[in-house]
Amino acid sequence: MEPLAYWIGFNRVRGIGPARLRALIDVCGSVEAAWAAPESVLRDAGLDRRSLAALLAARERLDLAAELARVQRAGMRVLTWDDPAYPQRLLTIYDPPFVLYLRGELKPEDDWAVAIVGTRGASVYGLEVARRLAGDLAAAGATIISGLARGIDAQAHRAALDAGGRTLAVLGSSVDVIYPSDNRKLAQDVVANGALLSEYAPGTQPEASNFPPRNRIISGLSRGVIVIEAGEQSGALITARFAAEQGRDVFAVPGSIFARNSQGTNRLIRDGATPITSAEDVLEALNLKAVPQQVATQMLFPTDEIEARLLDQLGEEPIHVDEVSRSTGLPIATVTGTLALMELKGLVRQAGGMTYVRAHDAGPIYRTT
């Protein structure tokens with residue numbers, strides 16, 4: 001049986017999340033072995049009584065071949081931790097979903113993504129800000145990520161599409177259950193120019209408990225999160241919290257101190273989020289001013305071991321190329337030439353006087369073999 005079927009099987013077991021599945025794989029050696037492991041091994045891997053009972057029941061109940069066929073018939077793609085197409089930025093968060101169901105297509109340029117979230121009950125002001133920010137960022141080459149909800153989310157998706165850009169929607173239901181239903185046409189357009197994503201198995205309804213976990217995926221896929229209008233209890237604030245925990249930049253649009261929808265965003269600014277008034281602010285902060293060139297350069301010149309070694313040496317404080325050469329043991333000509341190429345890719349930035357810093361949120365380096 002295809003290994004993918006076992007990933008799908010675990011995704012159908014209540015109580016088995018990323019941390020528990022990782023522990024099972026560490027103990028058993030593979031996802032296939034974990035599915036077939038005896039009870040004693042499952043206990044040794046840390047499953048509590050409830051999770052163990054759920055897994056044993058699922059092994060009796062589920063026909064994994066049929067589950068895989070069901071997904072394939074529905075036209076979904078399934079990405080797992082083992083799939084090279086799994087979004088690398090998402091893999092860096094604390095608890096990346098071990099299965100992502102996908103309708104549409106992910107592209108390399110989606111690594112340059114910005115999330116835009118906010119209240120469902122948006123004001124005219126909030127909708128106009130979302131339209132302008134999402135449209136301008138998409139026109140600059142950034143992929144717009146949101147949650148397909150009414151209000152700010154839907155406006156951000158639509159503006160990105162109207163600008164001829166790409167957009168990704170992360171759902172709190174499965175990708176075959178569109179919620180809200182009045183966004184079905186928007187969902188179709190997202191599939192045609194981006195993707196719908198979910199960690200939830202086919203047929204999963206939009207239960208309230210599904211939405212906070214999905215917000216970690218929205219922020220995890222992005223380089224930064226923009227909050228446009230959010231009340232004190234808004235789910236957008238959960239996305240902002242995840243973003244901060246994941247090391248992503250958090251931006252907030254200032255609003256009237258008298259507006260209920262601005263209470264959350266103004267508090268974010270008070271607590272350290274970056275206030276923004278234009279897409280230019282975000283492009284500057286995230287080093288996204290030359291996204292098309294960065295994408296083209298990255299595609300032409302794959303990352304290698306030398307780039308990884310150089311990036312490991314760089315941080316927020318400028319370091320001279322001579323020091324980088326000494327610390328890595330690489331010839332100065334190799335260091336300067338590679339750093340120049342990495343600057344084109346948006347991975348590093350020259351700080352003057354032959355000193356370099358790591359570009360803001362350059363992300364991890366993935367070594368080629």
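Is it the case, given these coordinates, that A113 is under 13 Å from A160 (Cβ atoms) and either assigned by TED's automatic domain parsing to the domain that holds A160 or more than 16 Å from the chain's Cα centre (by Cα) (or both)?
Numbers: under 13 Å from A160 (Cβ atoms): yes; either assigned by TED's automatic domain parsing to the domain that holds A160 or more than 16 Å from the chain's Cα centre (by Cα) (or both): yes.
The answer is yes for A113.
Scanning segment 228-274 for residues that are surrounded by fewer than 19 Cβ atoms within 10 Å (Cβ to Cβ) and assigned to a strand (DSSP E or B) returns a single hit, T274. The set of residues from segment 14-61 being of a type in the set (S, T, N, Q), surrounded by fewer than 16 Cβ atoms within 10 Å (Cβ to Cβ) and in contact (Cβ under 8 Å) with a residue 24 or more places away in the chain comprises just one member, S30. Of the helices (runs of 4 or more DSSP H) lying entirely inside segment 275-369, the ones with 2 or more residues being farther than 30 Å from G135 by Cβ and either at pLDDT 85 or above or among the aliphatic types (A, V, I, L, M) (or both) are found at 305-313, 321-328, 332-344.
Every residue, every condition in (1) touching a strand residue (DSSP E or B) at 6+ places or on another chain (Cβ under 7 Å); (2) within 16 Å of L221 (Cβ to Cβ), yes or no:
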| site | (1), (2) |
| --- | --- |
| R73 | no, no |
| Y94 | no, yes |
| V99 | yes, yes |
| L102 | yes, yes |
| R150 | no, no |
| D153 | yes, yes |
| T167 | yes, yes |
| Y179 | no, no |
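Report whether or not D136 is assigned to a loop (DSSP other than H, G, I, E, B), over 16 Å from the mean Cα position of the chain (by Cα) and of a type in the set (D, E). Reasoning before the result, please.
Values: assigned to a loop (DSSP other than H, G, I, E, B): no; over 16 Å from the mean Cα position of the chain (by Cα): yes; of a type in the set (D, E): yes.
Criteria not met by D136.
Within segment 1-13, restricting attention to residues that are outside any helix (DSSP H, G or I) and either within 28 Å of the chain's Cα centre (by Cα) or hydroxyl-bearing (S, T, Y) (or both), the residue that is surrounded by the fewest Cβ atoms within 10 Å (Cβ to Cβ) is E2. Residue check: is A122 closer than 26 Å to I228 by Cα and in a loop (DSSP other than H, G, I, E, B)? Taking the combined requirement at face value, the residue satisfies it.
Going by the conditions given, is G17 at positive phi and of a type in the set (G, A, S)? No; evaluated as a whole, the condition is false for this residue.
Could you check how many residues of segment 200-218 are within 12 Å of the chain's Cα centre (by Cα) and either over 14 Å from G118 (Cβ atoms) or not assigned by TED's automatic domain parsing to the domain that holds A169 (or both)? Walk me through how you get there before you give the answer.
Step one: filter segment 200-218 for residues within 12 Å of the chain's Cα centre (by Cα), giving 214-218.
Adding the requirement that they be either over 14 Å from G118 (Cβ atoms) or not assigned by TED's automatic domain parsing to the domain that holds A169 (or both) leaves 214, 216-217.
Of the residues in segment 200-218, 3 are within 12 Å of the chain's Cα centre (by Cα) and either over 14 Å from G118 (Cβ atoms) or not assigned by TED's automatic domain parsing to the domain that holds A169 (or both).
Being on the phi > 0 side of the Ramachandran plot and either surrounded by fewer than 16 Cβ atoms within 10 Å (Cβ to Cβ) or in contact with a strand residue (DSSP E or B) (Cβ under 8 Å, 6 or more places away or on another chain) (or both) is a description that does not apply to G126.
Can you give me the number of residues within segment 187-227 that are polar (S, T, N, Q) and in a strand (DSSP E or B)? Let's see the steps before the verdict.
Step one: list which residues in segment 187-227 are polar (S, T, N, Q), which gives 188, 193, 198, 204-205, 209-210, 215, 219, 222.
Right, trim to in a strand (DSSP E or B) and you get 198.
Selection size over segment 187-227: 1.
Among G164, G135, which is over 16 Å from S198 (Cβ atoms) and buried (at least 21 other Cβ atoms within 10 Å of the Cβ)? The match here is G135.
The values are calculated or read from the model by the stated rules, or taken from the named source; none is laboratory data. Remember, it's a predicted structure, so these values are computed and weren't measured experimentally. Please note: Cβ atoms are built from the backbone with ideal geometry, for glycine as well, and neighbour counts cover all protein chains shown.
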